[in-house]
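Worksheet for the structure shown next.
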Amino acid sequence: MSKHAYLRKSAIGIALVCAVTGGGFTLAAPATAAPATAAPVPAAVAADEEPGDFGSNGQGPMLPVEPDGEEFFNVAGASKDAPRIKRSETLKRAAEWVGKGIPYNMGGSYRGHRTDCSGYVSMAWRLAWDMATPNFGPQGVTEKIKKSDLKSGDALLNPKPGRYGHVVLFDKWANADHTKYVGYEFSSSGVHHREIPYPYFPGHDTDSYYPVHNKSVVDDERPPIDPGMTELTAGDLNHDGKKDIVAVQVSTGKLFLYPGTGKNGLNALDDRVEIGTGGWNGMRNLTVGDFNGDGKADLLATKRAGGKLYLYPGTNGKGLKALGDRIEIGSGAWNGMKHLTAGDFNGDGKTDLVAAKTDTGQLFLYPGTRKSGLDALDDRVEIGTGAWNGMNKVVSGDFNGDGKADIVATKTETGELYLYPGTGKSGLDTLGQRVEVGTGGWNDISDYAAADFDKDGIDDLAAVDSDPRKTGKLYLYRGNGKGFATRVEIGTGGW
């Protein structure tokens, strides 16, 4: 007998004991086949919708599951909650069933999970048991939350039994008013990832829905601390027409230049060159741009102690002469800013600076003037309201090929990667509607830098993928105008 078969039989035995002795739950009757026809669709459904496109068509009983290739650690004792699971992982699991053509069948299964609405969400949450909608709360799996507390991986639940109940996995809000959201659901017509009115489609018992949180679902961890290279940024620092990578070595505080070659794979970067002696681990928020207008790439950085902003002008020199003496261009308070990135966002031909205010999450543009000293940047302009402290690893570049500076950023909560297209306009119109260009998992990237490394006119990402507190490898994600292509390794361990 396999280990999984033993666990399943043990769990069923425990369930029967609970039923006989008055334990926590009673084992439901065996599942029956799904009805041959879908439940009648209420009149409120739009005429262009398919019958059975909403809600469920019945649910099977609560039973232990045994998905292929998975092990559950809470089967003994008939516990229904799963091991801790990240929000991004629940979305990733839910997405695996989309587009597979899996039919709704409360008596059927796919990879060991029941193929109905509650079985689908149980799978996404990696529960050891397939729940039914009335069981999530009483079995201690979920707790009610406020609408304002909804996050990716939570759910909208109608706890009624059978065909009258339904559950939708919450992905993200679809509009600023929070009247629509994007959710994953298994309805009678199949598995969908779609926009849904809050809390559910009109005419489908919306008053019975409420938001819930699975107690085992946790926020994604913050990006791992990288012991190798950090503070990645990119630009043509050696003035050969190819984009280079600049990074600080954590252990020594030295600043290194990795010259770009324009080649592929592990030949994309040449041997590194030291361009700054120890002490650079006392600097942060490094970014590259031609701020003084001399045609050479300069380096900006904030001093951790004191919060001053410094410009290190680019020169024609090599090695430790690649950067000139630093110039203070921002006095104090810059340690209250983060996500510094450079680009011409207002379209005046001068390099500007963008930064997020740590305490409020506002995003500000500091227009470049090409002047010297404390006049190098003009008065800041707000270009993003709140929530930017919920993003990490913000970089700029022309990622859609329209000649305007865009922003790419990772959402800390879910690990999704977003593109904020530049418009060339001012104020809160500086950036257009964001577009998701990378699904969950980008929180595993400890750092990245943007530049047109392959010289095709569209900026790419060079990113470090590392386990927490370990060095990692460097990968190139080539920009294609709509997102990024499959990554290619360009740097072995040590990053």
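The values are calculated or read from the model by the stated rules, or taken from the named source; none is laboratory data. In this text, all values refer to a predicted model and were calculated from it rather than measured experimentally. Glycine also receives a Cβ, built like all others from the backbone with ideal geometry; neighbour counts cover every protein chain displayed. Calculation scope for accessible area: heavy atoms of the full protein, side chains included, ligands and nucleic acids excluded. Shrake-Rupley method; radii C 1.70, N 1.55, O 1.52, S 1.80 Å.
Rounded to the nearest 20 debye, what is the charge dipole size of segment 381-469 about its Cα centre when +1 sits on each Lys and Arg Cβ and -1 on each Asp and Glu Cβ?
Details: 7 positive and 17 negative charges, 63 e Å.
Charge dipole, segment 381-469, about its Cα centre: 300 debye, nearest 20.
Can you give me the long-range amide H partners of Lys180? Hydrogens built in the peptide plane at 1.01 Å from N, cutoff under 5 Å, separation of 5 or more residues or another chain.
Result for Lys180 returns Ala174, Asn175, Tyr198.
Can you quote the Å³ per residue value for the convex hull of the Cα atoms in segment 231-272, rounded to an integer?
On the way: hull volume 2.9 nm³, N = 42.
Enclosed volume per residue, from the Cα hull, is 70 Å³.
Rounded to the nearest 10 Å², what accessible area does Arg87 show when all protein chains are kept and the probe is 1.4 Å?
Probe radius 1.4 Å; accessible area of Arg87 about 10 Å².
Which value, in Å², gives the accessible area per residue of segment 327-463 when a 1.4 Å probe is used on the protein heavy atoms? Don't jump to the answer; show the numbers that get you there.
On the way: 5140 Å² over 137 residues.
It amounts to 38 Å² per residue over segment 327-463.
Given an 8 Å cut-off on Cα distances and at least 6 residues of separation, report the relative contact order of segment 130-204 as a percent.
Details: 109 pairs, mean separation 15.2, N = 75.
Relative contact order here is 20 percent.
Quick one: how many Å² of Glu195 are accessible to a 1.4 Å probe, rounded to 10?
Counting only protein heavy atoms, Glu195 exposes about 100 Å² to solvent.
Can you tell me the order of 149-157, 265-273 when each peptide is scored by its average per-residue count of other Cβ atoms within 10 angstrom, highest first? Write out the running numbers ahead of the final one.
Numbers: 149-157: 21.7, 265-273: 14.4.
Put in order of decreasing packing, that is 149-157, 265-273.
Per residue of segment 204-210, what does 6.51 cos²θ - 1.76 cosθ + 1.60 with θ = phi - 60° give for ³J(HN,Hα)? Whole Hz please, x for Gly and Pro, Karplus curve as stated.
Here the 3J(HN,Hα) series is 10, 6, 4, 5, 8, 8, 8 Hz.
Tell me, what ³J(HN,Hα) does each residue in segment 369-380 have, in order and in whole Hz, if you take phi through Karplus 6.51 cos²θ - 1.76 cosθ + 1.60 with θ = phi - 60° and put x for Gly and Pro?
10, 6, 8, 9, x, 6, 9, 5, 10, 8, 4, 6
Asp352's amide H: which non-local residues (gap 5+, or another chain) put their own amide H closer than 5 Å, with H modeled 1.01 Å from N in plane and none for Pro or chain starts?
HN-HN under 5 Å from Asp352: Gly343, Asp344, Phe345, Gly368.
How big is the dipole moment of segment 114-272 about its Cα centre under a simple scheme where the beta carbon of each Lys and Arg is +1, that of each Asp and Glu is -1, and everything else is neutral? Debye, nearest 20, please. Don't skip to the end; give the middle numbers.
Details: 18 positive and 21 negative charges, 68 e Å.
Dipole magnitude for segment 114-272 comes out near 320 debye.
Which far-off residues, 5 or more places away or on another chain, put their amide H under 5 Å from the one on Gly293, with H placed in the peptide plane?
Result for Gly293 returns nothing.
Rank by packing, highest mean first: peptides 488-494, 248-254, with packing defined as the count of other Cβ atoms within 10 Å averaged across residues. Please report the intermediate quantities before stating the final value.
Values: 488-494: 15.1, 248-254: 16.7.
Packing proxy ranking, top to bottom: 248-254, 488-494.
Placing +1 on the Cβ of each Lys and Arg and -1 on the Cβ of each Asp and Glu in segment 137-234, which of His193, Asn158, Asn175 has its Cα farthest towards the positive end of the resulting dipole?
Positive-most Cα among the choices belongs to Asn158.
At 1.4 Å probe size, with no ligands or nucleic acids counted, give the accessible surface of Phe453 in Å², nearest ten.
Accessible surface of Phe453 is approximately 30 Å².
Let me check against my output: what whole-number percent is the relative contact order of segment 189-280, with C-alpha pairs under 8 Å and at least 6 apart? Walk me through the numbers before you get to the answer.
Working: 122 pairs, mean separation 15.0, N = 92.
Once normalised by length, the contact order is 16 percent.
Go through 110-117, 366-373 and give me the packing order, highest mean Cβ count within 10 Å leading.
110-117, 366-373
Averaged over every viewing direction, what's the projected area of the C-alpha convex hull for segment 114-254? Give it in nm², one decimal, please. Mind dumping the intermediate values first?
Numbers: hull surface 54.4 nm².
Taking the Cα atoms of segment 114-254, their convex hull projects to 13.6 nm² on average.
So what are the ³J(HN,Hα) numbers for segment 108-122, from phi and the Karplus equation (6.51, -1.76, 1.60; θ = phi - 60°), rounded to whole Hz, Gly and Pro as x?
x, 8, 9, 6, x, 9, 5, 8, 9, 4, 6, x, 5, 5, 4
Would you work out the relative contact order for segment 320-455, in percent, from Cα pairs under 8 angstrom that are 6 or more residues apart?
On the way: 300 pairs, mean separation 24.2, N = 136.
Averaging sequence separation for qualifying contacts and normalising by length gives 18 percent for segment 320-455.
Dipole of segment 379-424, Cα-centred, from +1 at each Lys and Arg C-beta and -1 at each Asp and Glu C-beta, to the nearest 20 debye? Please report the intermediate quantities before stating the final value.
Details: 4 positive and 7 negative charges, 20 e Å.
Roughly 100 debye, rounded to the nearest 20.
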